[in-house]
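Chemist: Take a look at the following structure, please.
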Amino acid sequence: MRPGTREVDRLSKSLLRRAADRAGPGSRPASWLAGRRIARLGTSAVVVIAALLFPQFEGGNIPVMFLATTALTYGLVAIALNLLMGFGGQISIGHGGFLAVGAFTTAIVATHYHFPPIVVLLLAGLVTGLVGFLLGLPAGRLRSHYLAVATLGFGVAVPELALNMSLTGGFTGVIMPPQQVGSIQFNTPVPLYYLALALVATGMAAVISLLASPTGRRFRAVRDSEEIAPALGVNVPLVKLTLFSLSAFFTGLAGYVFALNNSIVEYSQFDFSLSLFFFAAVIVGGLASTWGPLVGAIALVIVQQQTTSLGGLSETILGAAVVLVLLVVPGGLVALPRLVLRLAAWVWWMAQRVLRRRTLPPPQDPVPAERAMGASEG
Amino acid sequence: MTLFLQLVLSGLGWGGIYALAALGLTLIYKTSNVVNFANGALATVVSMLVWTLHTSVGMPIALSWLLAVAAGALLGALTDVMFMRRLRSAAIIVSIVMTLGLLLLFEGLTGVIWGFEPKAVPLVLNGPVITYGSLAISRNNLFIAGLTVVLGLVLYVFYEHTRPGLAVRAVAEDPEVAMLMGISRRRVVTASWAAGVAIAGAAATLAVPASGGLTPTFMESIAVYAFAASVLGGFGSLLGAVVGGFLIGIVTNLVAGYWSNNLQLTLVFALIVAVLYIRPEGLFGRRARVRV
């Protein structure tokens, strides 16, 4: 915890206690906590409804729908990466490589076989999961910067392989054929948006339920200490293997949407900066938080879209955001509201103190002088 | 045989550049325990400064190279003081995240300031190719390889035979005990950052003519080779960085000469994974002790 936050924390708690005292003995701070939970649920409900209704307003606007689906796709990758980094403590700067595997698998399978979309989707996830498993085999023995270097190597090797293999179409890439269930065309903007939304919801639900399970507790044990976890009976290499496979699986699902959304898959879409983008999305949104990665991905997609006029500007903003998160707001974007609330509470408390000092006579010493002296002697 | 020797000889140029970049990484890693992912981006800034001094200001190339390398040292020291110093007690992963953030920041800033069109920087040392029998090596490549070896030797003598070098080794060995001995860890780490960025910047500028122009991202792939060289040599070993760099330069050149140069990054990735799997401490590194 950074110095300073602790003080603000204590301040807001004492403020809470005072509010409870003023309200009488019946009310407890717990009611305030319950209010917070309601506020949180309400925010989530508003977000979900807004996401569901979004195509009602912007459905005809193809560029906006493309961006929205891109944001959701990248959000799913960020959720998968957050599972690995935030809850598993394993760094990866090569998730662009996993997205490439998922997208290429989708396009290649859909070109050569006439499987129903659900099969193609699952194949994209499973093939990418298998690649994650294979990368997890050596990565299970590595930690911190060694892991970062290895995943960096993976991230730059995949596009190079895609450029040089005939299966992946080389320089020209693979054109994504349309996907259809009944009368629903998944290569049209609105159905694809809903598909991406459903996958994001599935990914989030899977991560939440996974974290509540014993497996999730093992993840966090490994994250918190790779030395102590084995003493608690945790099989660390197995946990890392699971983490890499699962994270790659969900990134592969995102690859399916990516292929449909871009309608062509080529090596140049997956350069190193894409991996850095996912990495930044997780950090800026809020590492190890539920909504953080999605919020980060959406925010960064908007930043990228707004700064296309000046090359390098979006990277500068991304980099500055990561640095700022580390130095100023450790919880990322999702921690901002709480930070603002705390700041407001502090300002309110200070204002009250100043006002009271002006209006009230100085408070009398509650401890009689003799007793105070006696205490100091004894 | 002649082809083999010629390929080895021309691999020395790139090998020296990888070795210098790996040396920069090693210097920083040794004292601060941080693998600086932003080193390539910082080195690119140095190369851009060389370009500005040479093209816009009109200084001779060697002078602008030296001045920019000095500015690179300042940049490295400032980076440490402004961004890395306050994370020193945090978990290692936080420092890694920070250097990746700095990579984005500096790469972006370079793009904003200098633009993305490739720029040309002339060879620092120009002249006719030196031949020996049927073998040939360009003066620039010979200069790079010689600079690497000389710099490696200078660093070795500094570390092993001078008092400041002893202080650096003490901080690398055990920062707390070093501080108890009256060594300023702050100064040692900041000086390492200065030296690390300066060396990488010198290497980056020398690499520009061979990599087809100076762009904000031209160091990205060179950085991957430098990481591979550090991993191969064992992170934290000076000798390892130099040997690893030359090995990677020569091997990639041999593969390109005999087979194809299409899959160099994939090859390097496979090499990284193989080294880390078989011998995580690299060729010259020491097996890391884990303290709980």
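Chemist: Could you say which residue among A:A162, A:A139 is buried (at least 20 other Cβ atoms within 10 Å of the Cβ), within 14 Å of chain B (Cβ to nearest Cβ) and more than 25 Å from B:I96 (Cα to Cα)?
Modeler: Exactly one of A:A162, A:A139 is buried (at least 20 other Cβ atoms within 10 Å of the Cβ), within 14 Å of chain B (Cβ to nearest Cβ) and more than 25 Å from B:I96 (Cα to Cα), namely A:A162.
Chemist: Can you tell me how many residues within segment A:142-174 are more than 30 Å from B:L276 (Cβ to Cβ) and under 30 Å from the mean Cα position of the chain (by Cα)?
Modeler: Count: 2.
Chemist: Regarding A:A78, is this residue farther than 30 Å from A:A229 by Cα and assigned to a helix (DSSP H, G or I)?
Modeler: When the stated conditions are applied, A:A78 does not pass them.
Chemist: Applying the selection to segment B:258-283, what residues are aliphatic (A, V, I, L, M) and more than 19 Å from A:S144 (Cβ to Cβ)?
Modeler: B:L263, B:L265, B:L267, B:V268, B:A270, B:L271, B:A274, B:I278, B:L283
Chemist: Which pairs do you get when a residue that is at the interface with chain B (Cβ under 10 Å from one of its Cβ atoms) and without any contact (Cβ under 8 Å) to a residue 24 or more places away in the chain, found in segment A:299-315, comes within reach of a residue that is assigned to a loop (DSSP other than H, G, I, E, B) and among the small types (G, A, S), reach meaning Cβ atoms under 9 angstrom, with the pair 6+ apart or on two chains?
Modeler: Qualifying pairs under 9 Å: A:G311/B:G115; A:G312/B:G115.
Chemist: Taking the conditions exactly as written (more than 14 Å from chain A (Cβ to nearest Cβ), surrounded by fewer than 19 Cβ atoms within 10 Å (Cβ to Cβ) and of a type in the set (A, V, I, L, M, F, W, C)), does B:V168 satisfy them or not?
Modeler: No; evaluated as a whole, the condition is false for this residue.
Chemist: Hey, another quick one. I'd like to know if segment A:53-74 contains one or more residues that are part of a helix (DSSP H, G or I), within 14 Å of chain B (Cβ to nearest Cβ) and either surrounded by fewer than 24 Cβ atoms within 10 Å (Cβ to Cβ) or touching a residue at least 24 places away in the same chain (Cβ under 8 Å) (or both).
Modeler: No, segment A:53-74 contains no residue that is part of a helix (DSSP H, G or I), within 14 Å of chain B (Cβ to nearest Cβ) and either surrounded by fewer than 24 Cβ atoms within 10 Å (Cβ to Cβ) or touching a residue at least 24 places away in the same chain (Cβ under 8 Å) (or both).
Chemist: Also, quick follow-up: If only one of B:L153, B:L180 is modelled with pLDDT of 90 or more, closer than 30 Å to A:S225 by Cβ and of a type outside the set (D, E), which one is it?
Modeler: That would be B:L180, the only listed residue that is modelled with pLDDT of 90 or more, closer than 30 Å to A:S225 by Cβ and of a type outside the set (D, E).
Chemist: Let me ask you something else. Conditions first: (1) surrounded by fewer than 24 Cβ atoms within 10 Å (Cβ to Cβ); (2) within 14 Å of chain A (Cβ to nearest Cβ); (3) out of contact with any Gly (no Cβ under 6 Å at 6 or more places or on another chain). B:G40 passes all but one, so which condition is the exception?
Modeler: (1)
Chemist: Residues of segment B:247-290 being more than 14 Å from B:G11 (Cβ to Cβ), among the polar types (S, T, N, Q) and at pLDDT 85 or above, which ones?
Modeler: B:T266
Chemist: Let me confirm something: among B:I96, B:I61, which residue is more than 22 Å from B:G212 (Cβ to Cβ), crowded, with 17+ Cβ neighbours inside 10 Å and in contact with a His (Cβ under 7 Å, 6 or more places away or on another chain)?
Modeler: One residue alone meets the criteria, B:I96.
Chemist: Taking the stated definitions as given, is B:N126 touching a residue at least 60 places away in the same chain (Cβ under 8 Å), in contact with a helix residue (DSSP H, G or I) (Cβ under 9 Å, 6 or more places away or on another chain) and within 30 Å of B:V8 (Cα to Cα)?
Modeler: no
Chemist: Does A:I118 satisfy the condition of being over 30 Å from B:A229 (Cα atoms), away from chain B (no Cβ under 14 Å), crowded, with 23+ Cβ neighbours inside 10 Å and at pLDDT 90 or above?
Modeler: no
Chemist: Of the residues B:F83, B:F106, B:F143, only one is more than 10 Å from every other protein chain (Cβ to nearest Cβ), surrounded by 17 or more Cβ atoms within 10 Å (Cβ to Cβ) and among the aromatic types (F, W, Y); which?
Modeler: B:F143
Chemist: Among the residues of segment B:163-184, write down those that are touching a residue at least 40 places away in the same chain (Cβ under 8 Å) and under 20 Å from B:L74 (Cβ atoms).
Modeler: B:V168
Chemist: I'm told B:S192 meets every condition in (1) closer than 17 Å to B:T148 by Cβ; (2) crowded, with 24+ Cβ neighbours inside 10 Å; (3) among the small types (G, A, S) except one. Can you identify the failing condition by its number?
Modeler: (1)
Chemist: So which helices (runs of 4 or more DSSP H) stay within segment B:211-292 end to end and still have 1 or more residues that are surrounded by fewer than 17 Cβ atoms within 10 Å (Cβ to Cβ), more than 10 Å from every other protein chain (Cβ to nearest Cβ) and within 14 Å of the chain's Cα centre (by Cα)?
Modeler: B:238-258
Chemist: With respect to the numbered conditions (1) more than 16 Å from A:G252 (Cβ to Cβ); (2) more than 9 Å from every other protein chain (Cβ to nearest Cβ), which one is the sole condition not fulfilled by A:G129?
Modeler: A:G129 satisfies every listed condition except (1).
The values are calculated or read from the model by the stated rules, or taken from the named source; none is laboratory data. Model, not experiment: these values are computed from the prediction. Note that we place each Cβ from the backbone using ideal geometry, even for glycine, and neighbour counts take in every protein chain shown.
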